[in-house]
Amino acid sequence: MGKRKWFVVLSMIAALSAAGCSSEKSGSGKTAEFTVSTEPVTLKFYVNVTRLSELEYQQIYIEPLKKKYPHITLQKLEGDLGQLVAAGEIPDLIMSDNDWHMPLKQLDLPADLTELVKKMKLDLSAFKPETIQAIHNLDPKGGLEGIPFDLNTGALFYNKDLFDKFGVAYPKDDMLWNDILQLSKKLTRKEDGVQYIGWDPRFPDHLFSPYSQPFVDPKTNKALVDTPNLRKVLDLFQQVYQQPGYVGAKNEYTYGPDGFTKTHILAMQADWVGKLISDLLQAETTGVKMNWDMASEPRFEDAVGKGRHALADMLVITKPSKYKEQAMQVIQMMISREQQIMLTRTGRLTALNDPEIISQFGANFPSLQGKNMKAVYKNPPVQTPSPHLADKEVQTIIRAMRKEMAIGKKDVNTVLREGQEKADKKIAEMAAQ
């Protein structure tokens, strides 16, 4: 490929090609009934950044698979994916999400499942449209490089005990970010030698997600860093860091999720529902429980009623896999109505457009009963922005601004200007490869 082409595929895997799927025909020319071999196979399985606790791994994958497809064994790979691929340890099946798909494409791993979906008669109309659209959006040619099995959304989680301790009213649905900042100022305080933190806003890109702003302008290949949306977000972050006691003596400036789920010094954290509920339930298995609830995720005034961008946890089959059909059987198990009910009852949001399944959210866990579950579905997801192969590099630069502001004491204008320059330079370097 020439310099002007985006991202040379890693030489060691460039020659690997997908094993094709073809229809079997009888002597009469008619398509024969398709069957998948039941010979025992081991599928190499990798979890790419998305949250999957050991508890969930056993409940969601291992136990159901033994019952449904006993001929399939999952071998979970650990470590850096790029290093695994370089060593020849290439997964057959990857659990990821549409936000983290571009690094998989850089490794030339995702297979287009369009024909395999047809062959195995997968009904895509059963899914929530935004999940399928988010995945189609990942391929300029409109291919389908993964199958969604749950949908994530944002909510504001809060520790009721800390609000009670300091006599502060609980958060409510439909609040603004400035309202949360005011609550945080009442809760960021030192008591009995313990420094409590009112609110950790986590990452800037979480807060501008409802605007569907991409990280890179697809027309100019320039980073979208120094923008009004990010400026508004960073103005808020700066006020958070200015709270007395917020930045610790050892330069602590981030506190979630452990500060919320484990040490319980953090009063509020807005995050992806699937990720934080997974952390809370996993903490319960070690005997760590807390008195928490949720409110709908706050917004800026010009984004009221909008959810975060559609984020679908998905399963990706890799091009080099020799067991694509068996990997698709795992996917079929995950999206079956029975499995989706189980997933929903254990605290994940179904990818299926089925109100009966949706109504069973969290039913299996007593600790989820009585929570403000309507907050989870309060704001519908907005369109996922067009992806770019440099998304994660730009996102990393944006997230690094937090430390520059909190510890380096840089102002918003400076971090935006420097961030824009760093991001544009990085994109140019990647384009020249």
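The values are calculated or read from the model by the stated rules, or taken from the named source; none is laboratory data. All values reported here derive from a predicted model rather than from experimental measurement. The accessibility values were calculated without ligands, DNA or RNA, using every heavy atom of the protein model including side chains. Shrake-Rupley method; radii C 1.70, N 1.55, O 1.52, S 1.80 Å.
Observations on the model:
- Accessible area (Å², 1.4 Å probe, nearest 10) - Asp271: 10 Å²
- Three-way shape call for the stretch 297-433 based on the alpha-carbon gyration tensor, with the a/c threshold at 1.5: oblate
- Only lysines eight or more places from Lys44 in sequence, or on another chain, were considered; those with a Cα closer than 22 Å are Lys66, Lys67, Lys68, Lys76, Lys105, Lys319, Lys322, Lys324.
- Against the chain, whose longest principal axis is taken from its Cα atoms, helix 177-187 shows a tilt of about 60°.
- Accessible area of Arg51 (1.4 Å probe, protein heavy atoms only, ligands and nucleic acids ignored): about 80 Å².
- Distance from the C-alpha centroid of the stretch 51-73 to that of the stretch 238-308: 29 Å, rounded to the whole angstrom.
- Carbon-plus-sulfur accessible fraction, the stretch 132-243 (probe radius 1.4 Å, protein heavy atoms only): 47%.
- Entry note, the stretch 28-119: relative contact order of 40 percent, from Cα contacts under 8 Å with a spacing of 6+ residues.
- In this view, the solvent-accessible surface of Trp177, computed with a 1.4 Å probe and all protein chains in place, comes to about 0 Å².
- Rounded tilt (10° steps) of 273-285 against the dominant C-alpha axis of the chain: 80 degrees
- Using alpha-carbon coordinates, inclination of helix 228-241 to the longest axis of the chain, degrees: 50 degrees
- Over the chain: helical MRE at 222 nm, DSSP H runs n ≥ 4 each giving -39500 (n - 2.57), nearest 500: -9500 deg cm²/dmol
- Whether the stretch 190-238 is rounded, prolate or oblate, judged on the alpha carbon gyration tensor where a/c under 1.5 counts as rounded: prolate
- For a straight C-alpha distance cut-off of 18 angstrom, the lysines reachable from Lys409 (same-chain residues fewer than eight places away being disregarded) are Lys232, Lys250.
- Residue pairs, from the table Lys186/Lys410; Lys275/Lys371; Lys165/Lys190; Lys222/Lys403, whose Cα atoms sit over 19 Å apart: Lys186/Lys410; Lys222/Lys403
- Rounded Å value of the spacing that divides the Cα centres of the stretch 363-433 and the stretch 314-347: 28 Å
- Per residue, the chain exposes an accessible area of 45 Å² to a 1.4 Å probe, with every protein chain left in place.
- Prolate/oblate/rounded call for the stretch 294-346, Cα gyration tensor, a/c under 1.5 rounded: oblate
- The chain - share of DSSP beta bridges that are antiparallel (%, nearest 5): 65 percent
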